[in-house]
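Here's the structure we're looking at; comments come further down.
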Protein chains: 2
Amino acid sequence: MMRKMSSISAGVLAIFILFSTLFGCAGLCPSSLKDPLPSWKDGEKKRGIIGFVEAVTDPSKASHLPPGERIAVFDNDGTLMCEEPLSVPEAFIFHSVVGLLEKHPEMGNRRPFKALREKDSHAIEKLSERELGELTLAPFVGVTQDTYIREAGAFLRESRHPRFKVPYTATAYRPMVELLDYLLSRGFTVYIVSGGLTGLIRAFSQEMYGIPAENVIGTTAMLRYGKHEGKSVLVRAPSFVMPINDGEGKAVNIWLRIGKRPVIAVGNSDGDLPMLEFTADRNGPHLLLLVHHDDEKREYCYDRGAEKVLEEARKRDWNIVSIKEDFVRVFPFQEK
Amino acid sequence: MMRKMSSISAGVLAIFILFSTLFGCAGLCPSSLKDPLPSWKDGEKKRGIIGFVEAVTDPSKASHLPPGERIAVFDNDGTLMCEEPLSVPEAFIFHSVVGLLEKHPEMGNRRPFKALREKDSHAIEKLSERELGELTLAPFVGVTQDTYIREAGAFLRESRHPRFKVPYTATAYRPMVELLDYLLSRGFTVYIVSGGLTGLIRAFSQEMYGIPAENVIGTTAMLRYGKHEGKSVLVRAPSFVMPINDGEGKAVNIWLRIGKRPVIAVGNSDGDLPMLEFTADRNGPHLLLLVHHDDEKREYCYDRGAEKVLEEARKRDWNIVSIKEDFVRVFPFQEK
């Protein structure tokens, strides 16, 4: 037996030596030696993130969290990907309503469709929440969920971002995709928590972020169960599943879906404030990041819709991530 | 380099030999040699389950499914654990309403509480769905979710099953817990899809089944986001999140939550029929199991509330699992 043990030891040692030679330190030396966030500038923000993740995943530390508690929640639009001039869910709604009005031009004579047909941004801004909901759902009411997913997929393949001339799915922030990869590699379960429609986000979340459909929490069209040619189908209804996944609804839906308070929350607008608060108020370690759009050259510059959360972040000392200062590179298609 | 490679090969071979010596065949020989379902009687049902799981998890087979598609859904009451004379969610509601009426005896004079106060089973059966909803939610309206979870935990610790004199959490069917373990070990993601209240089932799902809170899909009380002493809290509202998780609502909620059709569905009553159909109608391999309560001696004997699903199962040749015939042992506390 001893002879066998020593031949194993020799073999294992040889494997370790070979791997070290072939692949450098990866996996054998402390993980801090390999930079998990190369698109983040070295500085307080990056060190803070890595320090936090190491602290909660190191079993020798009091701050260690078991994998089941390592829950991270990310807003999508403006947090993981560009949301200007339209977010991808908004662009898909616009595209679908235009298609609907081509088929049914008579609908374009009445609110809320009139505002969109006339591209009257003033009138669009004045639409009530109920009217925005009607616009959002109308193109696919009575349509099966399978058809919706097919149409969403076609839109994602064929549409282009108006400024960057790339598919919307190429407008994810490279530093944020690195952060997702880093968290997944350290045993976190990551959820996308978006005001956008769940079905659309699921159509790209796996490929774009490595996040499976079941970890997408969005605003959701109610579905009705029915039969088509003897087979069960789900058909989209003209209403939303409540609560709408924005503002306080994000905190509520996180609990309904996960049953735990997150440890990490990342957002960029006032609609993310309750989700950030809900994470900050957990008992135990937590990390809050707020993406600040301050880079007109590489992305966009705006505080609109983020006034309250910026104020709260400054007051409570949450991490405000400056796209201009903290990101070496914003999009994969851009030079540094 | 060649020398290094051959020393690795020798080492790896030695490790394999040693493991074979120490642990028998585990992990190296076909897994079918170790019985994953010892509490199931050898026969068609058991062989069918194991054959199916092997077929969809064997990468060399055309029927192989990647782990992301290996979704299994299980009803809880009467499928994973005893539901007679009351299911555990029903028992908790009964317990909570009794507590409420002790504090507020004046409520006991009006419907639907009167029926419960007077233990009038005839009047209870006549309650409308809305009244049953009111009974279900009333004890915890305005209460924080943290308090609800604490009360649910206390009930689970202190209450006993009236016939078996064990905690409700000891009334899980041993063969079904083995099936859960087997599926989890083969890369399945398992969801509990129950008409019972999500918060209560989450209070025991991890310990009893190894299923984490986020994989429990139940009927859910609506929550309101609020602040208590400056901290964010979730407070229970007097309404349900729609759809109620029963019947067609189960199929809808499975899609809302997971975004995929399941591969395996297991139920026991008419409320599970749409979930079983929804699984049967997926493109590709699927396994349907219907637990049949036909063992008065070791458990209970009833078809009430399962008439339609039994008929459909016979017609479509789904697997009807007989507690009497297919289970070697039902509960861990019973002799064989």
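Out of all the residues in the stretch B:156-184, which are under 17 Å from B:Asn76 (Cα atoms), in contact with a Phe, Trp or Tyr (Cβ under 8 Å, 6 or more places away or on another chain) and assigned to a loop (DSSP other than H, G, I, E, B)?
B:His161, B:Thr171, B:Tyr173
Listed residues B:Gly267, B:Gly249; which is closer than 18 Å to B:Leu290 by Cβ and in contact with a strand residue (DSSP E or B) (Cβ under 9 Å, 6 or more places away or on another chain)? Please lay out each step first, then the result.
Values: B:Gly249 fails: closer than 18 Å to B:Leu290 by Cβ.
It is B:Gly267.
Just to check your reading of the model, which residue among B:Ile201, B:Ile217, B:Ile244, B:Ile254 is over 12 Å from the mean Cα position of the chain (by Cα), within 13 Å of another protein chain (Cβ to nearest Cβ) and closer than 27 Å to B:Thr147 by Cα? Before you say what the answer is, go through the steps one by one.
Values: B:Ile201 fails: over 12 Å from the mean Cα position of the chain (by Cα); B:Ile217 fails: over 12 Å from the mean Cα position of the chain (by Cα); B:Ile254 fails: closer than 27 Å to B:Thr147 by Cα.
After applying the criteria, what remains is B:Ile244.
Hey, does the stretch B:224-231 have a residue that's buried (at least 17 other Cβ atoms within 10 Å of the Cβ), within 9 Å of another protein chain (Cβ to nearest Cβ), part of a strand (DSSP E or B) and in contact (Cβ under 8 Å) with a residue 12 or more places away in the chain? Show your work before the answer.
We begin by selecting, within the stretch B:224-231, every residue buried (at least 17 other Cβ atoms within 10 Å of the Cβ); these are B:225.
Restricting the remaining residues to those that are within 9 Å of another protein chain (Cβ to nearest Cβ) gives B:225.
Filter again for part of a strand (DSSP E or B), leaving B:225.
Going one step further and asking which of them are in contact (Cβ under 8 Å) with a residue 12 or more places away in the chain, we end up with none.
Within the stretch B:224-231, none of the residues are buried (at least 17 other Cβ atoms within 10 Å of the Cβ), within 9 Å of another protein chain (Cβ to nearest Cβ), part of a strand (DSSP E or B) and in contact (Cβ under 8 Å) with a residue 12 or more places away in the chain.
Quick one: how many residues across the stretch B:306-322 are part of a loop (DSSP other than H, G, I, E, B) and among the hydroxyl-bearing types (Ser, Thr, Tyr)?
Start the filter on the stretch B:306-322 by keeping residues that are part of a loop (DSSP other than H, G, I, E, B), which leaves B:306, B:317-318.
Next cut, among the hydroxyl-bearing types (Ser, Thr, Tyr) only: none.
Summing the residues that are part of a loop (DSSP other than H, G, I, E, B) and among the hydroxyl-bearing types (Ser, Thr, Tyr) in the stretch B:306-322 gives 0.
List the number of the failed condition for B:Ile211; all other conditions in (1) over 24 Å from A:Asp146 (Cα atoms); (2) surrounded by fewer than 23 Cβ atoms within 10 Å (Cβ to Cβ) hold.
Among (1) over 24 Å from A:Asp146 (Cα atoms); (2) surrounded by fewer than 23 Cβ atoms within 10 Å (Cβ to Cβ), the lone unmet condition for B:Ile211 is (2).
Here are the criteria: (1) of a type outside the set (Asp, Glu); (2) surrounded by fewer than 16 Cβ atoms within 10 Å (Cβ to Cβ); (3) within 17 Å of the chain's Cα centre (by Cα). Tell me which single one B:Arg316 does not satisfy.
Against the list (1) of a type outside the set (Asp, Glu); (2) surrounded by fewer than 16 Cβ atoms within 10 Å (Cβ to Cβ); (3) within 17 Å of the chain's Cα centre (by Cα), B:Arg316 comes up short only on (3).
Just to check your reading of the model, which residue among B:Phe92, B:Phe52, B:Phe74 is touching a residue at least 12 places away in the same chain (Cβ under 8 Å), more than 23 Å from B:Ala221 (Cα to Cα) and of a type in the set (Phe, Trp, Tyr)? Steps first, please.
On the way: B:Phe92 fails: more than 23 Å from B:Ala221 (Cα to Cα); B:Phe74 fails: more than 23 Å from B:Ala221 (Cα to Cα).
From the options B:Phe92, B:Phe52, B:Phe74, the qualifying one is B:Phe52.
For B:Arg304, work out the one condition from (1) more than 10 Å from every other protein chain (Cβ to nearest Cβ); (2) in contact (Cβ under 8 Å) with a residue 12 or more places away in the chain; (3) at negative phi it doesn't fulfil.
(2)
Return yes or no: is A:Gly271 within 12 Å of another protein chain (Cβ to nearest Cβ), under 27 Å from A:Arg70 (Cβ atoms), not in a loop (DSSP other than H, G, I, E, B) and not aromatic (Phe, Trp, Tyr)?
no
Could you count how many residues in the stretch B:323-336 are surrounded by 15 or more Cβ atoms within 10 Å (Cβ to Cβ) and either among the aromatic types (Phe, Trp, Tyr) or not in a helix (DSSP H, G or I) (or both)? Please lay out each step first, then the result.
Filtering the stretch B:323-336 down to residues surrounded by 15 or more Cβ atoms within 10 Å (Cβ to Cβ) leaves B:323-324, B:326-327, B:329-331.
Pick out the ones that are also either among the aromatic types (Phe, Trp, Tyr) or not in a helix (DSSP H, G or I) (or both) and you get B:327, B:329-331.
Total satisfying the criteria: 4.
Restricting the search to the stretch A:245-295, which residues are more than 30 Å from B:Ser205 (Cα to Cα) and of a type in the set (A, V, I, L, M)?
A:Leu273, A:Leu289, A:Leu290, A:Val291
May I ask you to say which residue of A:Asp326, A:Asp281, A:Asp317, A:Asp295 is modelled with pLDDT of 95 or more and closer than 13 Å to A:Ala265 by Cβ?
From the options A:Asp326, A:Asp281, A:Asp317, A:Asp295, the qualifying one is A:Asp281.
Within the stretch B:274-298, track down each residue that is touching a residue at least 60 places away in the same chain (Cβ under 8 Å) and more than 14 Å from chain A (Cβ to nearest Cβ). Don't jump to the end; show me each part of the working.
Of the residues in the stretch B:274-298, the ones touching a residue at least 60 places away in the same chain (Cβ under 8 Å) are B:275, B:279, B:284-285, B:287, B:289, B:291, B:293.
Answer for the stretch B:274-298, where residues must be touching a residue at least 60 places away in the same chain (Cβ under 8 Å) and more than 14 Å from chain A (Cβ to nearest Cβ): B:Pro285, B:Leu287, B:Leu289, B:Val291, B:His293.
From the list B:Thr136, B:Thr144, exactly one residue is farther than 30 Å from B:Arg329 by Cα, under 22 Å from the mean Cα position of the chain (by Cα) and either surrounded by 14 or more Cβ atoms within 10 Å (Cβ to Cβ) or of a type outside the set (S, T, N, Q) (or both). Which is it?
After applying the criteria, what remains is B:Thr136.
Which ranges mark the helices (runs of 4 or more DSSP H) fully within the stretch A:61-153 that have 1 or more residues being of a type in the set (A, V, I, L, M, F, W, C) and closer than 15 Å to A:Ile201 by Cβ? So that I can check it myself, show each step before the final result.
Details: elements: A:88-103, A:113-117, A:121-125, A:129-137.
Helices (runs of 4 or more DSSP H) meeting the threshold: A:88-103.
The values are calculated or read from the model by the stated rules, or taken from the named source; none is laboratory data. Note that the structure is predicted; figures quoted are calculated from it, not measured. Glycine gets a Cβ as well: all are built from the backbone with ideal geometry, and neighbour counts include every protein chain shown.
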